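Worksheet: one structure, shown below.
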Amino acid sequence: MIGNIIKKEFKELFTLSTLLPIVVVALVFGFVGQMVGNVGETIEEKPVIGIADMDGGDFSDIAMSVLIEKAEVIYDGSDAEEGLKEVREENGVALLVIPENFSQNIYANHPGEIEIYWIMRGAGMLDSVSSGVAEGLIQSVNQEISKELIQQDNSLDPALVLAPTTRIETTFFKGKKVEGLSPSQLSSMLISQSVVMPVVVMMLIIMAGVAVISSMGLEKENKTLETLLTLPVRRSHIVIGKVVGSALVGVLMAAIYMIGFLYYMRSFQISDINLADFGLTLGMQDYLLVGISLFAALLAGLSLCIVLGTFAKNYRSAQALIFPITALAMISSFTIMFKDFDTIPAVLRVLLFAIPFSHPMMAVRALMLDNYPLVIGGIAYAAVFTVIMIAVAVRIFNSDRLLTGSVQKRVGLGKLGWGFRR
Amino acid sequence: MKAVEVRELVKDYGNFRAINGISFEVKEGEIFGLIGPNGAGKTTALRVVATLLQITSGSVTVFGYELPKEAGEVRKIISYLPEEAGAYKNLTGKEYLNFIAKFFGEGEKFQSMVQRGLEIANLGERINDKVDTYSKGMTRLLLVGRALMVNPRLAILDEPTSGLDVVNAQEVRRIINSSVEAGAAVLLSSHNMLEVELLCHRIALINDGKIVASGTAAELKKEYDAGNIEEAFVKAIK
């Protein structure tokens, strides 16, 4: 008897709509895990650097021996320009330049300057990991020089012994030269672009998507769809009306969400440096492009939702149908949050471009770096995607599918109560 | 002009034949009833005429407009009341009537449509309450009001009095009759054979996707030597 009840409960609860969210979450976690795994490898790998030693003194020799032991040195010479070229070509992280008089300065109670030219390839949260590892090298150099100074007992300034070098940093980031900042500092300044936009767009797509798919489910559950379809209004107008109406609801919900989220993110703002001082700012036309990109992505997402919504039998089944949208939005959001479009593998790049919601998530960062083709290409792609999805939805609205579902299946599943009224 | 002309209509759902070559006509100013048991094909036939379903074979014209080619034109002159219809629950009854009337007219025409809908629905002050708070009978009255307020040239009514008590059902039948007097044609379906006998000028008996007999109530009773339509129907399908 109890077995019979267990079997019934299992059948009631173990449905596609309960299984799908778990599968989606597992896939997303697996995807993120894959990326984190690669970060672990990056941390363990020796950073690829170039060294231009123009000093040749005692302390530069110490620095060289530490760097050669702990890093993969692809350039070891005295020409900074040639070294930088080599580092760029070999996908290196940085060129360390030890200028003339480095050792003499330290002996003279002045910190020795190390010039670091960083090559930053992405502004995602995980893109600055390798430069962070390289920053650790400087600490090792400092330690070894400190040891040497203590052994020599030169009665030097203790502050100098504790910190015998200073850094002069310049970061090259996608054609921009940012002086005075390391990649990790730059990355933390760009955190709002890295996190806020992907999260807000993800929430916007999910909220508006739920609205449009639920609307389709409710039309069927409340038995209003048949009346709607016999009114003297074009099917394309019904589809567009649903998409735009849901977009407005989604925008309002996202706006409320965004206000709270922005306050939350402010607590993570670690510097008062103005991005505009480094040429990393948006003009009016850039903001316009971000808005267009967001609206185009929203329409694309909602037109996909309305196609999915035609499969909804009622409000409950509509809730399950949102999960493909949630999965796509989460994949885009997490990928862009952690990695830059240019630093992910080609297959993921194609996937990311194909998901129309990715484009507004990437737009702010791309426009700061004058990557207009990516943003404009994304808008064009989202527009084409929307037109295709609306055409598919109108075709479905013009067919029997909305009222009868998948006919072949219904006949086959008649015994399971999926029959239709004739 | 014939209001509806259906010729050899076949409707398949996959490899299941729901309607198997039915033909009938509805004249202007006529109430034509399709009667039959559950699953006979009544709702499918009505949905085809209401432009909701595609035709597998055969032809359907409504006031000379051919389906599915001129479905847009047909939708301008019909009004369809499904058996299990509902209204938008977050709207009040009046807002719902306004929403529908906006598809059919503007200005004075719109106002008079809504006024007619209010009169037919006859829900008093409750018309300003949300549909969500209505009983099944009140919702049905609102929907009948919605279907007939637009003065359709053809009203397609699937079980129009379904869910209504005797008094309200009689009122709805009166409203349907008055619509026909005003020039509309009505195509309806019903399980209620007495209702059909009282209301319809002509009747088609439908069973298993086929029309087994048609004519006036008197003709059918005479043909099958029956005391009422129910008895005639049972004899017709044997």
*Among the helices (runs of 4 or more DSSP H) contained in region A:310-356, which hold 2 or more residues that are farther than 29 Å from A:Arg401 by Cβ and of a type in the set (Ser, Thr, Tyr)?*
A:323-338
_Candidate set: region B:130-159, residues that are part of a loop (DSSP other than H, G, I, E, B) and touching a Phe, Trp or Tyr at 6+ places or on another chain (Cβ under 8 Å); chosen: the one farthest from B:Glu195 (Cα to Cα)_ = B:Val150
*Among what's in region B:176-192 and is surrounded by fewer than 20 Cβ atoms within 10 Å (Cβ to Cβ) and not polar (S, T, N, Q), pick the residue that is farthest from B:Leu34 (Cα to Cα).*
B:Ala182
*asked:* Criterion first (part of a helix (DSSP H, G or I) and closer than 22 Å to A:Val25 by Cβ) does A:Met389 satisfy it?
replied: no
*asked:* Looking at A:Leu13 and the list (1) out of contact with any helix residue (DSSP H, G or I) (no Cβ under 9 Å at 6 or more places or on another chain); (2) at pLDDT 70 or above; (3) within 21 Å of A:Ile119 (Cβ to Cβ), which single condition is not satisfied?
replied: (3)
_Of all residues being crowded, with 17+ Cβ neighbours inside 10 Å, more than 22 Å from A:Leu218 (Cα to Cα) and more than 10 Å from every other protein chain (Cβ to nearest Cβ) in region B:62-107, which is nearest to the chain's Cα centre (by Cα)? Just the residue, please._
B:Val62
*Every residue from region A:231-245 that is free of Cβ contacts under 8 Å to residues at least 60 places away in the same chain and touching a helix residue (DSSP H, G or I) at 6+ places or on another chain (Cβ under 6 Å)*: A:Pro232
*Which is touching a Pro at 6+ places or on another chain (Cβ under 7 Å) and at pLDDT below 90, of B:Ala226, B:Ala184?*
B:Ala184
*Out of region B:35-59, which residues are more than 9 Å from chain A (Cβ to nearest Cβ) and over 23 Å from A:Leu231 (Cβ atoms)?*
B:Ile35, B:Gly36, B:Pro37, B:Thr56, B:Ser57, B:Gly58, B:Ser59
*Give the residue, chosen from A:Gly122, A:Gly136, that is part of a helix (DSSP H, G or I) and within 20 Å of A:Ser184 (Cβ to Cβ).*
A:Gly136
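Here's the yes/no breakdown for (1) crowded, with 16+ Cβ neighbours inside 10 Å; (2) of a type in the set (Phe, Trp, Tyr):
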{"residue": "A:Leu352", "(1), (2)": "yes, no"}
{"residue": "A:Ile355", "(1), (2)": "yes, no"}
{"residue": "A:Ser358", "(1), (2)": "yes, no"}
{"residue": "A:Val364", "(1), (2)": "yes, no"}
{"residue": "A:Met368", "(1), (2)": "yes, no"}
{"residue": "A:Asn371", "(1), (2)": "yes, no"}
{"residue": "A:Ala380", "(1), (2)": "no, no"}
{"residue": "A:Phe385", "(1), (2)": "yes, yes"}
{"residue": "A:Asp400", "(1), (2)": "yes, no"}
*So which of B:Phe110, B:Phe99 is under 28 Å from B:Leu53 (Cβ atoms), out of contact with any Pro (no Cβ under 8 Å at 6 or more places or on another chain) and free of Cβ contacts under 8 Å to residues at least 24 places away in the same chain?*
B:Phe99
*Spot the failing condition for B:Leu123; the list is (1) within 14 Å of chain A (Cβ to nearest Cβ); (2) surrounded by fewer than 21 Cβ atoms within 10 Å (Cβ to Cβ), and only one is missed.*
(1)
_Please go through region B:23-63 and give me each residue that is among the hydroxyl-bearing types (Ser, Thr, Tyr) and either touching a residue at least 40 places away in the same chain (Cβ under 8 Å) or in contact with a strand residue (DSSP E or B) (Cβ under 6 Å, 6 or more places away or on another chain) (or both), ordered by number._
B:Ser23, B:Thr43, B:Thr44, B:Thr56, B:Ser57, B:Ser59, B:Thr61
*Given B:Glu125, B:Glu108, B:Glu66, B:Glu73, which one is in contact with a strand residue (DSSP E or B) (Cβ under 8 Å, 6 or more places away or on another chain), part of a helix (DSSP H, G or I) and of a type outside the set (Val, Ile, Thr)?*
B:Glu73
_For region A:209-230, which positions are touching a residue at least 24 places away in the same chain (Cβ under 8 Å), within 12 Å of chain B (Cβ to nearest Cβ) and within 18 Å of A:Ser399 (Cβ to Cβ)?_
A:Lys220, A:Leu225, A:Glu226, A:Leu229
*asked:* Quick test of your reading of the structure: B:Glu8 fulfils all but one of (1) in contact with a helix residue (DSSP H, G or I) (Cβ under 9 Å, 6 or more places away or on another chain); (2) in contact (Cβ under 8 Å) with a residue 24 or more places away in the chain; (3) loosely packed, with under 15 Cβ neighbours inside 10 Å. Name the failing condition by number.
replied: (1)
*Regarding B:Leu164, is this residue surrounded by 19 or more Cβ atoms within 10 Å (Cβ to Cβ), part of a loop (DSSP other than H, G, I, E, B) and either of a type outside the set (Lys, Arg) or touching a residue at least 24 places away in the same chain (Cβ under 8 Å) (or both)?*
yes
*For B:His201, state whether it is under 17 Å from B:Gly36 (Cα atoms) and either at pLDDT below 85 or within 14 Å of another protein chain (Cβ to nearest Cβ) (or both).*
no
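The values are calculated or read from the model by the stated rules, or taken from the named source; none is laboratory data. Keep in mind the model is a prediction, meaning the values are calculated, not measured. All Cβ positions, even for glycine, are placed from backbone atoms using ideal geometry, and neighbour counts span all protein chains on display.
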